1. Looking at A207, A240, A294, which one is in contact with a Cys (Cβ under 6 Å, 6 or more places away or on another chain), aliphatic (A, V, I, L, M) and crowded, with 16+ Cβ neighbours inside 10 Å?
2. If you check I43 against the conditions, is it closer than 17 Å to G253 by Cβ, out of contact with any Lys or Arg (no Cβ under 6 Å at 6 or more places or on another chain), among the β-branched types (V, I, T) and buried (at least 16 other Cβ atoms within 10 Å of the Cβ)?
3. Would you pick out the residues in segment 191-207 that are touching a strand residue (DSSP E or B) at 6+ places or on another chain (Cβ under 6 Å) and either more than 20 Å from S126 (Cα to Cα) or assigned to a helix (DSSP H, G or I) (or both)?
4. Does any residue of segment 81-88 turn out to be touching a residue at least 12 places away in the same chain (Cβ under 8 Å) and surrounded by 24 or more Cβ atoms within 10 Å (Cβ to Cβ)?
5. Got at least one residue in segment 16-31 being within 18 Å of the chain's Cα centre (by Cα), exposed (fewer than 15 other Cβ atoms within 10 Å of the Cβ), farther than 18 Å from T432 by Cα and of a type outside the set (A, V, I, L, M, F, W, C)?
6. Of the conditions (1) on the phi < 0 side of the Ramachandran plot; (2) crowded, with 19+ Cβ neighbours inside 10 Å; (3) modelled with pLDDT of 95 or more, Y92 fails just one. Which one is it?
7. Counting residues that are crowded, with 23+ Cβ neighbours inside 10 Å and either among the aliphatic types (A, V, I, L, M) or at pLDDT below 95 (or both), which helices (runs of 4 or more DSSP H) fully inside segment 307-420 reach at least 1?
8. How many of the residues in segment 50-73 are touching a Cys at 6+ places or on another chain (Cβ under 6 Å), of a type in the set (S, T, Y) and under 17 Å from E213 (Cα atoms)?
Amino acid sequence: MRIGGLDIGTSGCKVVLFDETGIAVQSAYREYDVNRRNGLHEIDAEAVWEAVKTVLKETACEEIGAIAVTSFGETFVMLDENDRPVGPSMLYTDPRGEAECAFLTERLGAESMAYRTGTNPHQMYSLPKIMWIKQNLPQEFCRVKRILLMQDFVVYKLCGIAQIDYSLASRTLCFDIEKKCWDKDILNCAGVDGRLLSTPVPSGTAAGTVQAELAEELGLSKRLCIVTGCHDQIAAMTGAAVFEEEAAMDGTGTVECVPVVMDAVPKNYELYQLGYAAAPHINGKFACYALSYAGGATLKWFRDNFSQMPYDEMDKQVPAGPSGLLILPHFAGAATPYMDINAKAAVIGLTFEHTKFDFYKALMEGTAFEILLNLETLKRFAIAPKELVATGGGARSDVWLQIKADILGLPVTALQGEEIGAAGTAYLAGKTLGLFSGGMAPVKRKTFYPNAENHAQYLKQFETYRKLYSSIKNLNERGQET
């Protein structure tokens, strides 16, 4: 039997098939475009669905017993009565929804909403953007019969059942993370009918069998069980076996997320004010998300626009020791602890002596400084992981992982295999069939320990780095005024 994990990412989707022992045996991946033009950040749900069908067809076989679906958060798909998308889907970095978020905050109170939803009100979440569409595109909104996030959109297209897991629902700003249900008061205030949303269920809940016509089109078994997985960060934590409080995961994909495990929902409002969010974990605990909008996207931007070299080739060329540059990697705004969608990137210390490889390394250093900034902030709330487990595309680079260890002063462990999120998702699928009762224990590839000399130099740089945001923010605001 084969078990599948289908991971819907911001820029591409991947399906990985595992055997009954948890070994990956086959995979397929397809990219799709993200539209970042004229200040808008959007994705085409139909393009995502076509990519999903492509990877499923490439890996199709009668032996697949179940496939679970995980996805990135916040972005939603509106469907009409014929299940066709109503317009493009806004990404979490899209600036729309600010006024709508302010309206919710004024009516309900930010602190109250944070304790109920696990997230401080912010325009990055789904609900303010849904409100924006209702307010600004009423003719489109009146055609909407369903509102789904990417996970439940794909599940719905596969089997016709609209259900969403608790962890992904928590990325909407209208889900009560302790009662595990849509918050009627918040939805009523927003003027959004909760019946448009999918039914919340625990992570790993079977939705149904694949639709017969789709099974025939893609070459899948008509008995294939479709399973609602979880938010992609929870999937990666599950695949990496990050379940205890002293461990944290560094998930580097398009964005970089560092979730740490907590026993209960935080009750310190200052934590939420800084943008940190709580989501239900699969084991009854909760994950607290530290987030950077610019993780792997920074290196992809550099590669595509200035280098055109493979990452591993650039890794071989980076200089030893700190680059001497400081890059504030706010290319798509700043996430925790600032939550400033209008923040901009900056480069400090650039001279004619620097090469593109210095700049490339400085980008990696900048993302690591963002993690350090977040970990130093979380210490104020008695959240202090002792080790990071690295997952995602960024975990392939030994150079980047060593930089992170040197800057953070913590061991950073890379796992064997690159399909950690897919493994966590497949684990949830396998459980519905009675498999993987002992879990899918990850195998460590290598642990990177801090170099004491580099760490000392980086800590000196960090004192300057932590001042950059406020300095650049003031300059940006003055520039916008003129």
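1. Values: A240 fails: in contact with a Cys (Cβ under 6 Å, 6 or more places away or on another chain); A294 fails: in contact with a Cys (Cβ under 6 Å, 6 or more places away or on another chain).
Just a single option satisfies the conditions, and that option is A207.
2. Working: closer than 17 Å to G253 by Cβ: yes; out of contact with any Lys or Arg (no Cβ under 6 Å at 6 or more places or on another chain): yes; among the β-branched types (V, I, T): yes; buried (at least 16 other Cβ atoms within 10 Å of the Cβ): yes.
Taking the combined requirement at face value, the residue satisfies it.
3. Within segment 191-207, G194, L196, T205, A206, A207 qualify.
4. Checked segment 81-88: no residue is touching a residue at least 12 places away in the same chain (Cβ under 8 Å) and surrounded by 24 or more Cβ atoms within 10 Å (Cβ to Cβ).
5. yes
6. Against the list (1) on the phi < 0 side of the Ramachandran plot; (2) crowded, with 19+ Cβ neighbours inside 10 Å; (3) modelled with pLDDT of 95 or more, Y92 comes up short only on (3).
7. On the way: elements: 311-317, 356-378, 398-408.
Helices (runs of 4 or more DSSP H) meeting the threshold: 356-378, 398-408.
8. 0
The values are calculated or read from the model by the stated rules, or taken from the named source; none is laboratory data. All figures in this text were calculated on a predicted structure; none of them were measured in a lab. Don't worry about glycine lacking a Cβ; one is built from the backbone with ideal geometry, like all the others, and counts go over all protein chains shown.
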